[in-house]
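**Student:** The structure is given below, and queries will be raised subsequently.
The values are calculated or read from the model by the stated rules, or taken from the named source; none is laboratory data. All values reported here derive from a predicted model rather than from experimental measurement. Every residue, glycine among them, receives a Cβ derived from its backbone with ideal geometry; neighbour counts consider all protein chains shown. To get the accessible areas, we keep the full protein, side chains included, count just its heavy atoms, and leave off ligands, DNA and RNA. Shrake-Rupley method; radii C 1.70, N 1.55, O 1.52, S 1.80 Å.
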Amino acid sequence: ISHGAGWLLAIALVTVRHQMRFAQALAFRPFPLSRLIRIGLAAIAVYIVALLPALVFPPPKDHTNLFLEIFKGGGLTLVILLVSAVVLAPLLEEVIFRGLLFPALRRRMAFWPAAILTTVLFTGLHFTQTGTYWPAIEGIFICGMVLAWLRERTGTLWASIAFHVGFNSTPFLA
């Protein structure tokens, strides 16, 4: 439901604010599939490296990880999580954060302030998943900075989406 509402809001913002077609406003330009695959694979490596501190600082005993609980349950719940985390969330979050918010901030400020502000908001959105467990927060922050850099560097949202899909798919690969 939240993803559906998010999509409706994003479409409304684009059509009202930018007075452009949705795909044009969000920089959905053609991008080579081979590069998208390489970006997705790089995301898996970044995920692993970004969460290395978790090996040194494991979560406290009372830390609840919703994803681990769903993984244990398996079945249809796991399929729903897979579709939500690997398909819907990357699409919606990239449209909102790197498709709408980041370019709007970029028109008013330099890359680094726009990237940091967008990433702080993106990371804050994920506190429901991470709680105050700082290695997970740090991993999501690194992911957000790479996503902003990809959007800036490539000029298309596809690169950010591919990275986000790769990043979010890593726990399922394990």
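**Student:** Name the residue, out of I70, I80, that is without any contact (Cβ under 8 Å) to a residue 12 or more places away in the chain, in contact with a Ser or Thr (Cβ under 6 Å, 6 or more places away or on another chain) and part of a helix (DSSP H, G or I). I'd like the intermediate steps shown before the answer.
**Tutor:** Numbers: I80 fails: in contact with a Ser or Thr (Cβ under 6 Å, 6 or more places away or on another chain).
The match here is I70.
**Student:** Scan region 134-141 and give yes if some residue there is in contact (Cβ under 8 Å) with a residue 60 or more places away in the chain, under 19 Å from L41 (Cβ atoms), open to solvent by less than 30 Å² (accessible area, probe 1.4 Å) and in a helix (DSSP H, G or I), otherwise no. Don't jump to the end; show me each part of the working.
**Tutor:** Quick first cut of region 134-141, residues in contact (Cβ under 8 Å) with a residue 60 or more places away in the chain only: 134-136, 138-139.
Going one step further and asking which of them are under 19 Å from L41 (Cβ atoms), we end up with 139.
Okay, now just the ones that are also open to solvent by less than 30 Å² (accessible area, probe 1.4 Å), so 139.
Then drop every residue that is not in a helix (DSSP H, G or I), which leaves 139.
Yes, some residue in region 134-141 is in contact (Cβ under 8 Å) with a residue 60 or more places away in the chain, under 19 Å from L41 (Cβ atoms), open to solvent by less than 30 Å² (accessible area, probe 1.4 Å) and in a helix (DSSP H, G or I).
**Student:** Which residues, counting only those in region 142-174, are hydrophobic (A, V, I, L, M, F, W, C) and outside any helix (DSSP H, G or I)? Step through it out loud before you land on a result.
**Tutor:** Within region 142-174, the subset hydrophobic (A, V, I, L, M, F, W, C) is 142-143, 145-150, 157-159, 161-163, 165, 167, 172-174.
A174, the sole residue that qualifies.
**Student:** Additional query: Restricting the first residue to region 36-48 and requiring it to be more than 15 Å from E138 (Cα to Cα) and among the charged types (D, E, K, R), which pairs with a second residue that is buried (at least 16 other Cβ atoms within 10 Å of the Cβ) and modelled with pLDDT of 95 or more meet a Cβ separation below 9 Å and a spacing of at least six or different chains?
**Tutor:** Hits for this filter: R38/A162.
**Student:** I've got another one for you. Residues of region 53-89 being under 20 Å from the mean Cα position of the chain (by Cα), open to solvent by 80 Å² or more (accessible area, probe 1.4 Å) and at pLDDT below 75, which ones?
**Tutor:** L66, L68
**Student:** Also, I was wondering about something else. Anything in region 98-130 that is farther than 25 Å from P58 by Cβ, open to solvent by 20 Å² or more (accessible area, probe 1.4 Å), assigned to a helix (DSSP H, G or I) and without any contact (Cβ under 8 Å) to a residue 60 or more places away in the chain? List them, or say none.
**Tutor:** Across region 98-130, the qualifying residues are L101, A104, L105, R106, F111, W112, P113, I116, L117, V120, L121.
**Student:** Let me ask something else. Answer with yes or no whether I39 is under 21 Å from T154 (Cα atoms), among the β-branched types (V, I, T), at pLDDT 65 or above and touching a helix residue (DSSP H, G or I) at 6+ places or on another chain (Cβ under 7 Å). Full working, then the answer.
**Tutor:** Working: under 21 Å from T154 (Cα atoms): yes; among the β-branched types (V, I, T): yes; at pLDDT 65 or above: yes; touching a helix residue (DSSP H, G or I) at 6+ places or on another chain (Cβ under 7 Å): yes.
Here the answer is yes, as I39 does meet what is asked.
**Student:** Are there any pairs, at least 6 apart or on different chains, whose C-beta atoms fall under 7 Å, with the first in region 146-174 and within 22 Å of L117 (Cβ to Cβ) and among the small types (G, A, S) and the second open to solvent by 30 Å² or more (accessible area, probe 1.4 Å) and outside any helix (DSSP H, G or I), and if so, which?
**Tutor:** Final answer for the pair search is G155/R29; A159/F31.
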